[in-house]
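Have a look at the structure below, then the notes.
The values are calculated or read from the model by the stated rules, or taken from the named source; none is laboratory data. Please read these numbers as outputs of a predicted model, since none were measured by experiment. Heads up, the Cβs are rebuilt from the backbone with ideal geometry, glycines too, and the neighbour counts pull from every protein chain shown. These area figures cover heavy atoms from the full protein model, side chains too; ligands, DNA and RNA do not enter into them. Shrake-Rupley method; radii C 1.70, N 1.55, O 1.52, S 1.80 Å.
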Amino acid sequence: MKLITFTESASTRVGLLDGDEIVDLQAAAGDAPSEMTAFLEAGEAALAVARAALEAGGARLALGDVRLESPVLRPPKILAVGLNYADHVAESGMDTPKHPMIFNKQSTAVHAPYEPFHLPRVSPALDYEGELAFVIGKRCRHVPRERATEVIAGYTICNDVSVRDWQLRVPTFTMGKSFDTHCPLGPAIVTPDEIPDPHSLDLRTWVNGEPRQSSNTKHLIFDCFTLVEHLSTAFSLEPGDVISTGTPSGVGAVMKPPKFLKAGDVVKIAIDRLGEIENAVIEEPESTTRIG
Ligand code: ZN
């Protein structure tokens, strides 16, 4: 199944994507949680309701009549991995990490899969990173690698948008990775039954139709299951947590000269079986300033 969060008639709720139609779970099964984190916490019971609604075929909306949101609106945590593809390590001129290089993106960075993200007022060094992400479905800790599939609710696409000067001018990435709108996610959380092997998916990124990244998740240095074991050794993972696994080669910052994103550019990322996300770049609007 393809779990989504969508807005229609001023109401934001969980649904299923089925081709170019939306199964409205609130209409089909009013007792299903309408918010994704609660839906995931409800576990197999909620998935069974969704499966029944999908098979019943009623209460559908046209995809074009709704706004797709990030499948998880406010993940408890967004964790990402630096330097997790050998070709990206090489283009960055770094050494291959001995341990996963984990950093945070703030939950407030989450953004819809087809809405424009911001070229910040404070920096021209805006860059994309096409990535496979996965979403946690169960609260867990100390999960061995061979049981990681039990806690993964599904897979999605992340653009780990990065402000390179803010990322690299201090020892930690947090500021440069966490600007508002800089975590487009989606279009859906695709459940594992539709992903026979998350580590054999082609991943591609285009800017204005020009191919920039082309790789396959088989090249991940630390794969999804290893990351679950590693992260959960230190802390609890919770339903709705998003883990983005890192980007392959082809980011704009390492081109000679660098090709940073400008207002008007359009970034598209596609991953096998997960669909695609496409976000334009706009100047950060005046309205982002808000005090009180
Ligand atoms: Zn990244």
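Numbers below:
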{"read-out": "Helix 44-56 vs. the chain, principal-axis angle (Cα, 0 to 90°, nearest 10)", "value": "70"}
{"read-out": "Accessible-area value, MET94, 1.4 Å probe, nucleic acids and ligands omitted, Å²", "value": "110"}
{"read-out": "Extension reserve of the MET94-GLU44 stretch, reckoned as 0.36 nm per residue once the Cα distance is removed", "value": "13.7 nm"}
{"read-out": "Accessible surface of the stretch 2-68 [probe 1.4 Å, protein heavy atoms]: carbon and sulfur percent", "value": "50"}
{"read-out": "Listed residues VAL242, VAL66, VAL251, most fluctuating in the chain (Gaussian network, C-alpha, under 10 Å)", "value": "VAL66"}
{"read-out": "Heavy atoms of LEU54: accessible area, 1.4 Å probe, square angstrom to 10", "value": "50"}
{"read-out": "Most mobile listed residue (LEU227, LEU274, LEU61) in the chain, GNM with C-alpha springs under 10 Å", "value": "LEU61"}
{"read-out": "Over the chain, volume per residue of the alpha carbon convex hull, in Å³", "value": "138"}
{"read-out": "Solvent-accessible heavy-atom area per residue, rounded to whole Å², over the stretch 4-72 at 1.4 Å", "value": "44"}
{"read-out": "Fluctuation leader among LEU231, LEU168, LEU203 - the chain, Gaussian network, Cα springs under 10 angstrom", "value": "LEU168"}
{"read-out": "Per residue accessible area of the stretch 78-288, 1.4 Å probe, in Å²", "value": "41"}
{"read-out": "Vicinal HN-Hα couplings computed from phi for the stretch 140-145 (Karplus, 6.51 cos²θ - 1.76 cosθ + 1.60; Hz; Gly/Pro x)", "value": "7, 7, 6, 8, x, 3"}
{"read-out": "The chain: angle of helix 224-234 to the longest principal axis, Cα-based, in degrees nearest 10", "value": "90"}
{"read-out": "Gain on full stretching of the segment that runs from SER236 to THR172 - 0.36 nm per residue minus C-alpha separation", "value": "20.8 nm"}
{"read-out": "Difference of contour (0.36 nm per residue) and Cα-Cα distance, VAL254 to ALA59", "value": "65.4 nm"}
{"read-out": "Selection from VAL242, VAL266, PRO171, by position along the positive dipole direction of the stretch 153-292 (Cβ)", "value": "PRO171"}
{"read-out": "Surface share of carbon and sulfur [accessible, 1.4 angstrom probe, percent] for the stretch 78-288", "value": "53"}
